[in-house]
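The values are calculated or read from the model by the stated rules, or taken from the named source; none is laboratory data. As the structure is a prediction and not an experimental result, all values here were calculated from the model. Here Cβ is always computed from backbone atoms with ideal geometry, including for glycine, and neighbour counts include all displayed protein chains. SASA here: full protein model, heavy atoms, side chains in, ligands and nucleic acids out. Shrake-Rupley method; radii C 1.70, N 1.55, O 1.52, S 1.80 Å.
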Amino acid sequence: MQAKLHRWAAADPGRRFDDVFNFVHDPATLIVAFDRVAGNTGARTPGIDGLTVAAVEEQIGVPGFLNDLRTSLKDGSFRPLPVRERKIPKPGGSGKVRSLGIPTVADRVVQAALKLVLEPIFEADFEPVSYGFRPRRRAQDAIAEIHYFGTRGYRWVLDADIEACFDSIDHTALMDRVRRRVKDKRVLALVKAFLKAGIFTELGDHKDTHTGTPQGGILSPLLANIALSVLDEHLHGPWKPGGAMSTEGRRAYRRRIKGLPTWRLVRYADDFVILVCGDQDDTHALREDITAVIAPMGLRLSQAKTRVVHMADGFDFLGFRIQWRRKRGTDTWHVYTFIANRPIRSLKAKIRALTHRTSQQDLGYVLSRLNRLMRGWAGYFQHAVAKHTLDNLENFAWWRVIRLMRQRYRWKWKDVRRHLVTPTGRWRRPSADGIELFNIASTTITRYRYRASSIPNPYLHNHA
C-alpha cells in the first residue's frame, strides 16, 4: 500500500489523493500502527484516560480494542482527547523546560495509522536537504553534508533557530499545505481534529490549541516537516534541474561572473543551517529572506539564537562542533567534526547521577545502565574526531565507578588493586553480577560516508 501511494505521488506531483481514509481504518493498517505504538519507549506512559499499552493488552485485549477503534473511525464518532502535558528539562542544563503532549493510546494508534498513509505521499515531495524524522535518514547524513560543502568553499553559515517551532505553526497554513496533496475530507478532518484537540495541563486545566502541533505525538514530526517544507522548497529550488545552481558550472558562473552567492540548506526537523559560498552580507541577506518565507506559517527566527558565523569560528549542530581549521603541523585547512561541549556535559551529569557515592542501587544494575548509556552515546558520535574525548570520558567513568565501589565496600586503595589487578599487573574492568563496565574509549572511530543521493528510499523496491 505504501509503495503504491508513493509511486503514484512521485509520478504525478499535482495529484490530490481522495478516498485514502479507507487505508487509515483498514484492519491491517491499525495492527501495524498498534505494534509501532507498543514498540515505542513511551508505551508505558498513559494519556489522560490513564490507559497504557500494557493495560489495553491485559484489560481490553488488542483485537477488541482495534475493532472498537475501527468502528468509531468508520461511523465518524471518533474524537481525539486532549493530550496530557508533561514538562521535561531541556538538554544542556539551561534550566528551561520543554512541554510534551502525551496522547491517549487510542489517539496514538490513529496517529500512527495516519502517518502510515500520509508519509509515503509527502515523502515524494520532500527535498533531499531535510533529514529529521524521515525514513532511512539520520543526523550523521546532515553532518556529512555540512562537511562536504564546507570543504568546497561554503564557509559562511547562518546558524538558525526557529522560536518555539512546534508550538507556533499556524493551523490554517499547515492544513493548506496538507490539502495540496490530500482532498479526502475525512482524513483532513481527522488531522485537524488532532491539531485542535487541546492540552490537559499539569495543573489540571484544559487549554485550547490555536496554533502548533504538540511535541510527543506520533504525527507531529511529519506535520512539522510538511510545514517546514516551505523553507526547503524556497532554498533548494535553484538546485533543481534547470535552476540557477543546478550544476557545478552554473554555480561557478553565478559566483565568478555574476558575483552572486550560492547556498545550501541542511535541515534536521526545526534545526537548520544554511551554508553560503559568498560573504557575510550575503548571509545576512538570506536571513531576511528566510524570515519572510516562514512568516506565513506562523514561524519566526529566534533573535537571540540565530547568528551568522564563519566556519573558522565553528558552530554547534545536532550535538557536533563543526569547524574549519588548520591541520596541526601543516599549512592546510580542513573541516573537522568534533563533539560539542553540551552533550559531553550531559553525559557526565548522567554518569554522576548513576554513580553517586550514596547510591543504593545494585551495582550490576548501575553497570548495565551505564553501559547502555555510553554505548548509545558513543555510537552516535563515533564518526567525529573523538578519540581524545572518549579517552577522557573513559577515565571519568572508571573513576566514578571505583569511588562508588570504595564507598560501598569500604575499600582502601590496596583493596582496589587486590580485586582489579591481575597477577601479571594488568587492570581488570570493574564488574558485578557478570556485567563488566563498558570501555567507551574502545569505540572504533570511523569516517561517515557522505551518501548524497544514494540514501535508500524505503518505498521503492530497487532500494529495499
Leaving out same-chain residues fewer than 8 places away, which lysines sit with a Cα under 23 Å from that of residue 350? 87, 90, 96, 387
Tabulate in residue order the Karplus-calculated ³J(HN,Hα) for the stretch 271-282, using 6.51 cos²θ - 1.76 cosθ + 1.60 with θ = phi - 60°, rounded to whole Hz; enter x for Gly and Pro. 9, 8, 10, 10, 8, 10, 9, x, 10, 5, 5, 4
Counting only residues 5 or more apart in sequence or on a different chain, those whose built amide H sits under 5 Å from that of residue 320 are 340
Exposure of residue 338 as accessible area (Å², to 10), given a probe of 1.4 Å and all protein chains: 50
Virtual spin-label span in nm between residue 288 and residue 205, 7 Å along Cα→Cβ: 4.1
What residues qualify as long-range amide H neighbours of residue 260, i.e. H under 5 Å apart, gap of 5 or more or another chain, H built at 1.01 Å from N? 255
Ignoring any ligand, DNA or RNA, what whole percent of the accessible area of the stretch 285-439 comes from carbon and sulfur when the probe is 1.4 angstrom? 48
Cα-centred dipole magnitude for the stretch 43-188, charges only on beta-carbon of K, R (+1) and D, E (-1), debye, nearest 20: 120
Considering every Cα-Cα pair within the chain, what fraction, in whole percent, is farther apart than 34 Å? 45
Summed side-chain charge close to residue 317 - residues other than residue 317 whose Cβ falls under 14 Å, Lys, Arg +1, Asp, Glu -1: -1
Vicinal HN-Hα couplings computed from phi for the stretch 49-57 (Karplus, 6.51 cos²θ - 1.76 cosθ + 1.60; Hz; Gly/Pro x): 7, x, 8, 9, 4, 4, 5, 4, 5
For the stretch 170-303, with every protein chain kept in place, what is the accessible area per residue (1.4 Å probe, Å²)? 45
Amide H neighbours of residue 155 at under 5 Å, excluding residues fewer than 5 places away on the same chain, with H built from the backbone geometry, are 276, 278
From the phi angles alone, apply the Karplus equation (6.51, -1.76, 1.60; θ = phi - 60°) to the stretch 250-257 and give each ³J(HN,Hα) in whole Hz, x where the residue is Gly or Pro. 5, 5, 5, 4, 5, 6, 8, 8
Projecting the Cα atoms of 158, 147, 135 onto the charge dipole of the stretch 110-159, where Lys and Arg contribute +1 and Asp and Glu -1 at Cβ, the residue farthest towards the positive end is 147
For the chain, whose charge dipole is built from +1 on Lys and Arg Cβ atoms and -1 on Asp and Glu Cβ atoms, the candidate among 440, 77, 309 with its Cα farthest towards the positive end is 440
For residue 302, put the label point 7 Å out on the Cα→Cβ axis and report which residues of the stretch 62-106 keep their amide N under 19 Å from it. 87-101
Using the crude model of +1 on Lys and Arg Cβ and -1 on Asp and Glu Cβ, and no other charge, please compute the dipole size for the stretch 89-147 relative to its Cα centre, in debye to 20. 400
If unit charges are put on Cβ atoms (+1 for Lys and Arg, -1 for Asp and Glu) and the dipole of the chain is taken about its Cα centre, the option from 190, 340, 112 lying farthest towards the positive end turns out to be 340
Using the crude model of +1 on Lys and Arg Cβ and -1 on Asp and Glu Cβ, and no other charge, please compute the dipole size for the stretch 1-63 relative to its Cα centre, in debye to 20. 320
Can you work out the accessible area per residue across the stretch 65-107, with the rest of the protein chains kept in place, probe 1.4 Å, in square angstrom? 54
